[in-house]
Amino acid sequence: MGQELENRAAASTPYGLNLGGKVCVVTGAGSGIGEGIARAFADVGAHVALVDRNLAGAEAVAAELRKAGAMAQAIGCDVSDEASVAAAAAEVRAALGPASVLVNNAGLLRAGPLETVSIEDWNQAIAVNLTGYLLCARAFGRDMLAAGKGSIVHVASIAALNPQTNSGSYSPSKAGVLLLSRQLAAEWGPRGVRSNCVLPGMIRTALSAKFYEEPGFEARRAAATASRRIGEPEDLAGPALFLASDLAAYVNGAEVLVDGGLDCMLMDMVPRPGFNATPAA
């Protein structure tokens with residue numbers, strides 16, 4: 001059944017987007033953006049390793065993918081723990097084979113203003129959002145470096161470019177991801193491994209879904225984007241697929257905004273009588 005899915009994907013996928021038979025590791029794949037990306041990779045024939053601290057969530061998604069004929073393996077892992085990451089990499093290698101693609105996505109936010117955020121919360125977010133990305137890049141990138149080819153896609157955030165206040169080390173950690181990605185591109189590019197980032201804007205996930213239950217909340221948020229809508233996890237899947245595939249063979253060290261045009265709306269947020277209608281606060 002898995003080979004049949006790969007054959008169908010190869011026959012229907014344009015250009016170099018087919019990932020048939022490639023082992024693609026997605027961290028934080030048990031829900032949200034990671035789940036959306038994992039499902040998209042499976043749809044184009046990849047053998048997907050769903051790595052998540054929430055093993056039950058990852059297994060539920062993997063079971064659905066296997067039922068659809070995909071090759072999928074759920075693996076429990078704390079990406080901030082070097083031993084846990086090493087064990088996960090060994091498990092992926094034994095179950096599916098050497099990794100060809102890594103999507104660094106697992107992350108967390110520990111709220112708090114800089115004046116009072118606890119150092120424990122600050123360090124925890126840095127450990128998962130930044131150090132965890134390095135640990136996974138090293139553990140899974142080892143196979144890519146040995147093969148002389150591979151792709152790493154890091155899920156950063158628009159908060160890497162614009163400070164997200166009262167969010168502890170979230171913005172600094174995501175800003176660090178951009179430089180980590182560029183440094184990996186510079187150091188590993190000569191050895192055939194590419195490293196790129198996607199920067200999500202406002203994406204509706206299980207963690208943020210409750211916000212949108214408030215009357216008028218979604219409309220106010222959507223009005224701040226050029227596309228006038230809130231993103232869904234699937235909106236990250238296309239850019240991630242592109243960067244992982246051979247279509248992006250000459251894309252290295254890049255940062256792709258996936259925010260519905262939020263980042264280009266600054267001047268429209270500034271009141272200009274007769275020119276615009278500033279979204280209500």
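Readers should treat all values here as calculations from the given coordinates under stated rules, not as data from a laboratory. Note that the structure is a prediction, hence the values are computed from the model and not measured. Note: ideal-geometry Cβ built from the backbone for every residue, glycine included; neighbour counts use all protein chains shown.
For the chain, modelled as a GNM whose springs connect Cα atoms under 10 angstrom apart, the maximal fluctuation among 237, 209, 160 occurs at 209.
Residue 235: net charge of surrounding residues, Cβ under 10 Å, Lys/Arg +1, Asp/Glu -1, itself excluded? With Lys, Arg at +1 and Asp, Glu at -1, the neighbours total -1. Applying 1/(1 + (r/R0)^6) with R0 = 22 Å to the Cβ-Cβ distance of residue 187 and residue 91 gives a FRET efficiency near 0.25. Extending 7 Å from Cα along the Cβ direction at residue 120 and again at residue 162 yields two label points whose distance is 3.3 nm.
The length gained on full extension between residue 82 and residue 264, counted as 0.36 nm times the residue separation minus their Cα-Cα distance, comes to 61.7 nm. Under the convention that each Lys and Arg Cβ holds +1 and each Asp and Glu Cβ holds -1, the size of the dipole of the stretch 150-281 around its Cα centre is about 180 debye.
With θ taken as phi - 60° and the Karplus curve 6.51 cos²θ - 1.76 cosθ + 1.60 applied, the whole-hertz 3J(HN,Hα) list for the stretch 142-159 is 4, 5, 5, 5, 5, 7, x, 6, x, 9, 10, 10, 9, 8, 9, 5, 5, 5 Hz, x standing for glycine and proline. Selection among 141, 165, 130 by position relative to the dipole of the stretch 2-269 gives 141 as farthest towards the positive end (Cβ unit charges, Cα centre). Report the Stokes-Einstein translational diffusion coefficient (µm² s⁻¹, integer) for the stretch 51-172, Rh taken as the Kirkwood radius over Cα pairs, at 25 °C with viscosity 0.890 mPa s. The Stokes-Einstein estimate is 157 µm²/s. At q = 0.19, 0.20 Å⁻¹, what base-10 log of I(q)/I(0) does the Debye formula yield for the stretch 214-269 when every alpha carbon is treated as an equal point scatterer in vacuo? For the requested q values the scattering log ratios are -0.76, -0.80. With no solvent and one point per C-alpha, what does the Debye sum give as log10 I(q)/I(0) for the chain at q = 0.13, 0.14 Å⁻¹? Debye curve over Cα of the chain, log10 I(q)/I(0) at q = 0.13, 0.14 Å⁻¹: -0.86, -0.99.
Sort the following peptides by mean Cβ neighbour count (other Cβ atoms within 10 Å, averaged over residues), highest first: 238-246, 77-85, 20-28, 43-51.
Going from most to least packed, we get 43-51, 20-28, 238-246, 77-85.
The calculated pair-distance distribution of the stretch 99-161 uses every alpha carbon pair, bins of 5 angstrom beginning at 0, and gives 4, 17, 22, 19, 14, 10, 7, 4, 2, 0 percent. If R0 is 45 Å, what FRET efficiency do you get for residue 55 and residue 217 from their C-beta distance, rounded to 0.05? According to the calculation, E is roughly 0.85. Farthest toward the positive end of the dipole of the chain, out of 201, 188, 105, is the Cα of 188, where the dipole comes from beta carbon charges about the Cα centre.
When the alpha carbon coordinates of the stretch 121-268 are projected onto the principal axes, the ranges are 53, 36, 29 Å, largest first. In this structure the amide hydrogen of residue 167, modeled in the peptide plane, comes within under 5 Å of the amide hydrogens of 112, none closer than 5 places in sequence on its chain. Charges were assigned to the Cβ only: +1 to each Lys and Arg, -1 to each Asp and Glu. The resulting dipole of the stretch 2-269 about its Cα centre is roughly 480 debye. The Cα center of the stretch 71-110 and the Cα center of the stretch 28-67 differ in position by 12 Å.
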